[in-house]
Amino acid sequence: QVQLVESGGGLVQAGGSLRLSCAASGTIFSINAMGWYRQAPGKQRELVATVTSGGSTTYADSVKGRFTISRDNAKNTVYLQMNSLKPEDTAVYYCNADLQTKVAGPTYRYWGRGTQVTVSS
């Protein structure tokens, strides 16, 4: 069984910073891409950032230059450093991981339960 657990959300004023963490645990053989998505009230879930096992990253245009995604492969953990936060960044942030649970097994996407980020103006 695989679990992804996010932490680091909270309430912050506009212009402030937060760092989210997401640790994957359980029966894991390898992890390919990891990423962060977010969902604001009344909106669809949207991609924030992704990072491959080799460290290549992609970002949504709305967060480029403000957010940084990184990962620690030894700890099966992905991070999201969020700077210059804006009220429109308010959302539940979810991490995911595309991983295999056994050698030569299929790759599945697993999701965390989410962590709330609220940015006040």
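The values are calculated or read from the model by the stated rules, or taken from the named source; none is laboratory data. Remember, it's a predicted structure, so these values are computed and weren't measured experimentally. We place every Cβ from the backbone using ideal geometry, glycine too, and count neighbours over all the protein chains shown. Ligands, DNA and RNA are excluded from the accessible area calculation, which covers all protein heavy atoms including side chains. Shrake-Rupley method; radii C 1.70, N 1.55, O 1.52, S 1.80 Å.
Annotations
- At q = 0.14, 0.21, 0.25, 0.27 Å⁻¹, base-10 log of I(q)/I(0) for segment 1-40 (Debye sum, equal scatterers on each alpha carbon): -0.45, -0.82, -1.00, -1.09
- Accessible surface of the chain, 1.4 Å probe: 47 percent of it comes from carbon and sulfur atoms.
- Here the peptides 60-71, 102-113 are ranked by packing, the mean other Cβ count within 10 Å, and the order with the highest first is 60-71, 102-113.
- The charge dipole of the chain, taken about its Cα centre with unit charges on the Cβ of Lys, Arg, Asp and Glu (plus for the first two, minus for the last two), comes to roughly 80 debye.
- Where a label projected 7 Å from the Cα of Ile28 along Cα→Cβ would reach, residues of segment 81-121 with amide N under 12 Å: 96-101, 110-112
- DSSP bridge pairs, the chain: antiparallel proportion in percent, nearest 5: 90
- Calculated FRET value between Val2 and Lys86, using beta carbons and R₀ = 30 Å, to 0.05: 0.35
- Solvent-accessible area per residue for segment 49-119 (1.4 angstrom probe, square angstrom): 51
- Across the chain, C-alpha contacts under 8 Å between residues 6 or more apart give a mean separation that, scaled by the residue count, equals a relative contact order of 36 percent.
- Other residues within the sphere of radius under 15 Å centred on the Cβ of Leu85, judged by their own Cβ, net out at +3 (K and R +1, D and E -1).
- Relative to the Cα centre, the charge distribution of segment 60-121, modelled as +1 at Lys and Arg Cβ and -1 at Asp and Glu Cβ, gives a dipole magnitude of about 180 debye.
- Extreme residue, positive dipole direction of segment 54-117, given options Ile69, Trp111, Asn83 (C-beta unit charges): Trp111
- Cα-based equivalent ellipsoid, segment 1-67: semi-axes from gyration tensor eigenvalues, Å: 23, 16, 13
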